[in-house]
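Participant: Submitted below is the structure of interest, expressed as C-alpha cells.
Derivation of every value follows stated rules applied to the coordinates shown; laboratory data play no part. If you're wondering where the values come from, they're calculated on a predicted model, not measured in any experiment. Note that we place each Cβ from the backbone using ideal geometry, even for glycine, and neighbour counts take in every protein chain shown.
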Amino acid sequence: MKRILITSMALCCLFFARGTMGDTSNTQLLDTYWRLVELNGKELKPAANEKEEIHIILKKEGNLLEGFAGCNSIGGSYEVKDNHLTFANVIGTMVSCPETEIENLFLEILKSTETYSVNGSMLTLRNKEMAAAAKFMKKK
C-alpha cells in the first residue's frame, strides 16, 4: 500500500512539473530577435540603423515581451500555448516623436494578436480573423 501511495505521488509530481515546462514546439519563437518586415500587408523599409529597427524579443524566462516600436522601447508579457499567442500589459516609454502612425499600429496589432506561426526564419502574427497582421524576420 505504501509503495502504491509513493508511486502515485511521484506520478502526480511529474504530471504537474510537465505542465509548467511549457510547449517545447515554440523554441524557435522564444529568446529570438524578431525584426518587423511587414505590417498589415505593407512591407516596411529597413531601418537606417539597428537602434531604429522595430523588433520584439519574447523572453522565455518570465514570459516577458521586450522590443522597440519605432520611437519608444516597449515591454509587457505574453502567453503562448500551441499556436496561440497573446500579449498583455504592453507599455512603452513616453518619448515624444514626430511620427507615431506606424508605432501606434504596431502596438494595436500586438494587443490584438491571437495566433502565430514560424516558417523558417519568418514569424507571422495573426488576429482573430486569422489575417496576417505582422511579419517578422529572424535576425541572424
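Participant: Could you tell me the calculated FRET efficiency between N89 and A48, based on Cβ-Cβ distance and R0 = 25 angstrom, to the nearest 0.05?
Facilitator: Efficiency, from the Cβ-Cβ distance: 0.25.
Participant: Answer with one residue from I91, M122, L105: the one whose Cα lies farthest towards the positive end of the charge dipole of the stretch 23-138, charges on Cβ with Lys, Arg +1 and Asp, Glu -1.
Facilitator: Positive-most Cα among the choices belongs to M122.
Participant: At 0.36 nm per residue, and after removing the present C-alpha to C-alpha distance, how many nm does the segment from T27 to E99 gain when stretched out fully?
Facilitator: That works out to 22.5 nm of additional length.
Participant: So who's got an amide H within less than 5 Å of the one on Y33, skipping anything under 5 residues away but keeping other chains? H placed 1.01 Å off N, in plane.
Facilitator: Amide H to amide H, under 5 Å and 5 or more residues apart or across chains, Y33 pairs with K139.
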